[in-house]
1. Using a simple spin-label model with points 7 Å from Cα along the Cα→Cβ vector, what separation in nm is obtained for Q301 and N259?
2. In whole percent, what relative contact order does segment 40-186 give with Cα contacts below 8 Å and a gap of six or more residues?
3. Suppose accessible area is computed on protein heavy atoms with a 1.4 Å probe; arrange I213, I162 from highest to lowest.
4. Can you check what the net charge comes to around F277, using other residues whose Cβ is under 14 Å from the Cβ of F277 (Lys, Arg +1; Asp, Glu -1)?
5. Report the extension gain between K231 and E200 in nm, rounded to one decimal, defined as 0.36 nm multiplied by the number of residues separating them, less their alpha carbon distance.
6. At a Förster distance of 35 Å, what's the computed FRET efficiency of R270 paired with A94, Cβ-Cβ distance as r, to 0.05?
7. So which aspartates and glutamates pass the test for K280, namely a Cα distance under 17 Å, with those fewer than 8 places away in the same chain ruled out?
8. Taking the simple approach of a point 7 Å from Cα along Cα-to-Cβ for both Q121 and I54, what is their distance in nm?
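The values are calculated or read from the model by the stated rules, or taken from the named source; none is laboratory data. Please read all numbers here as calculations on a predicted model, not as lab measurements. FYI the Cβ positions are ideal-geometry reconstructions off the backbone, even for glycines, and counts take in every protein chain you see. Note: areas computed on protein heavy atoms with side chains; ligands, DNA, RNA excluded. Shrake-Rupley method; radii C 1.70, N 1.55, O 1.52, S 1.80 Å.
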Amino acid sequence: MKRLFILLIFLLSACVSEPISIPTVKVAPSATRPAPIATAIPASPTLSPTETPIPCDPLVVDFCITDGHFVFQRPILPPNNDSVEETYRFASTASGTRESHHGVEFINGTGTPVHAAADGQIIFAGSDDEAVYSPWPNFYGNIIVIRHADSLFTLYAHLSLIDVQAGEEVQVGQKIGEVGLTGSANGSHLHFEVRRGDVEDYFSTLNPELWLIPKAGEGALAISVMNTRGKFQNVDFTLQFTDETYFVKTYEDASLTKNENAALGLKAGRYRIAFLFGGKIYERWVEVESGRLTQVVFVMQ
Ligand SMILES: [Zn+2]
């Protein structure tokens, strides 16, 4: 009886000691955890001011927000219409009914002032008779081309009046001409382009919506839709913002695709991007911030 009692005590103490040993095992690593944190804290003030954080990678996160490269002021100023026309964006063919669009439109009446988008030098001001900057003679009518820093150029087409001459230096915001409908213009408007590199290459155009400073309270969204081999894919997608829905196509002219295959300026806020591809629905929620660029990459399996 006494032996049984001792055995029982032993077993009970064994049972009691067992759970105690578990927390000591658990505590051990957490007790060592503060050490690296303690060494990390004094390290941060010594970071060099030129050191940059790890860049956001849109391939592995839902979206990245960066400062973008919004270097151009709008060529049309309020109270005139300084919004990009939504029905014929960059690289649009209006569903195959129009020429591939190498720029954007600002719909305004003839005589509306046109302003330099940045400081620069006029490299061409006159008629597009020789098609140096366009696919065929007089496509753009009266045009102005300005050279800016970083191999960037802006082009202003269909003008009714030109105020400047080749060789002249201009300042950002300076009036350089007036809106018109010269050349192959479907109504009075300013056709505006951004080119980089070889300005005489009609395919050196970039989407102006990624280069124009967003309007107050707006940002820009750049979307890449590609397959696992990195080949851009064309889709029609919807962008939902509270009670508004935008219907957007990726660049219909794939030859104008460089880093993205859709881009547009949008009011700041939270958007749902959705499209159908290969019988599967793709969707993602992204943020657009005022004055900044949101980059989104879809890689379809
Ligand atoms: Zn145009």
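1. 2.9 nm
2. 21 percent
3. Greatest to least solvent exposure: I213, I162.
4. Net local charge, F277 excluded: +2.
5. Going from the current span to full extension adds 8.4 nm.
6. So, using R0 = 35 Å, E works out to roughly 0.75.
7. Within the straight-line limit of under 17 Å, K280 reaches these aspartates and glutamates: D236.
8. A separation of 4.5 nm, rounded to one decimal place.
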